[in-house]
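A short write-up of the structure that comes next.
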Amino acid sequence: MTTAKLRPRSPDVQIYKPQLTSVLSIVHRMTGVFLSLGSVLLVAWLVAVVDGGDTYAMVERWLRSWIGLLLLLGWTFALFYHLCNGIRHLAWDLDFGFELRSIYLSGWTVVAASMILTVLTWTLGLAVLE
Amino acid sequence: MSDWKRHDPLNRNPATARSSALYRAIGLGSAKSGAHHWWVQRVTAVALVPLLVWLVASLLAHARGDHQVLALWLGQPAVAVTMAVLLMALFWHMKLGLRVIVEDYVHADRVKFAALIAVDLVCLALLAIGVFASLYLAFR
């Protein structure tokens, strides 16, 4: 019984070669958790707008600090990634793109699209702020 | 559909009863709500696609706005309703997603129990606060 327990459970992350598919899958979960933290900020921001005055000024100051901007950048990428990969999941649910070739193609598309959308959003955002 | 189901849905033949798919499925839970989690995750996902595009675009458009501009924008009926719907879809989606993650990675019974309750309650609280704030800005 002991030997049976010691056998690695597949996929054992220590010996299993990372592939685009498995990496994108776990990143989907990680961005989901990270975005959950972002949702707390969204609600806090709404409350700050209601409260106005010092509360809003504090939140705004924090958002425009370098740590705030860095987190916002992270949340922007996480949002676009989760959104694009979510659409990929919905396509799978409709039975589209299950062939190995399509899975890799859509995977790389998600990576490229989320990066492009992040850069585009921040270019626009910083242009508005200028 | 497998053969046994077509010919003998109740599987009354004692010779095959124990090897049937029905026999193996009995006691493992309802077949009626098993896909509910999966389905709601999809419905909220589909709703969130346009809602989040709207949110990002709106935030970009108001990136320069001061407090008064934002309060006025958020206070418009259409914006407040859209924001409330967004929060509902978002926190429902988040609750379902975090539940799966807890179920997959937390194996100690008591911790798992506490984590699942916490996920539900935190999502509910955030939803309530967010929707209240949105509506407050609209009715102020």
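Values as computed for the structure displayed
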item: Tally, over segment A:86-108, of residues that are open to solvent by less than 80 Å² (accessible area, probe 1.4 Å), of a type outside the set (Lys, Arg) and over 12 Å from A:Val27 (Cα atoms); result: 10
item: Within segment B:121-137, tally of residues that are over 16 Å from B:Val79 (Cα atoms) and either at the interface with another protein chain (Cβ under 8 Å from one of its Cβ atoms) or outside any helix (DSSP H, G or I) (or both); result: 2
item: Any hit, segment A:6-20, residues being touching a Gly at 6+ places or on another chain (Cβ under 7 Å), in a helix (DSSP H, G or I), at pLDDT 95 or above and not aromatic (Phe, Trp, Tyr); result: no
item: Residue among A:Leu24, A:Leu83, A:Leu73 that is more than 9 Å from every other protein chain (Cβ to nearest Cβ), crowded, with 16+ Cβ neighbours inside 10 Å, under 16 Å from the mean Cα position of the chain (by Cα) and modelled with pLDDT of 95 or more; result: A:Leu24
item: Only one of B:Leu137, B:Leu116 that is of a type outside the set (Lys, Arg) and more than 30 Å from A:Leu69 (Cβ to Cβ); result: B:Leu116
item: Residue that is nearest to the chain's Cα centre (by Cα), among those in segment A:61-70 that are among the hydrophobic types (A, V, I, L, M, F, W, C) and open to solvent by 50 Å² or more (accessible area, probe 1.4 Å); result: A:Leu70
item: Test for B:Leu60: is it in contact (Cβ under 8 Å) with a residue 24 or more places away in the chain, surrounded by 13 or more Cβ atoms within 10 Å (Cβ to Cβ) and either more than 12 Å from every other protein chain (Cβ to nearest Cβ) or part of a helix (DSSP H, G or I) (or both); result: no
item: One residue from B:Val111, B:Val100 being surrounded by fewer than 18 Cβ atoms within 10 Å (Cβ to Cβ) and more than 9 Å from every other protein chain (Cβ to nearest Cβ); result: B:Val111
item: Among (1) surrounded by 14 or more Cβ atoms within 10 Å (Cβ to Cβ); (2) within 14 Å of chain B (Cβ to nearest Cβ) - the single one A:Met58 does not satisfy; result: (1)
item: Unmet requirement for B:Gly65, which otherwise passes all of (1) small (Gly, Ala, Ser); (2) open to solvent by 20 Å² or more (accessible area, probe 1.4 Å); (3) closer than 26 Å to A:Gly74 by Cβ; (4) outside any helix (DSSP H, G or I); result: (2)
item: Number of positions in segment B:124-134 that are hydrophobic (A, V, I, L, M, F, W, C) and open to solvent by less than 70 Å² (accessible area, probe 1.4 Å); result: 6
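The values are calculated or read from the model by the stated rules, or taken from the named source; none is laboratory data. Keep in mind the model is a prediction, meaning the values are calculated, not measured. With ideal geometry, Cβ positions are generated from the backbone for all residues, glycine too; neighbour counts draw on all protein chains shown. Ligands, DNA and RNA are stripped out before the accessible areas are found, and what is left, the full protein with its side chains, is counted by its heavy atoms. Shrake-Rupley method; radii C 1.70, N 1.55, O 1.52, S 1.80 Å.
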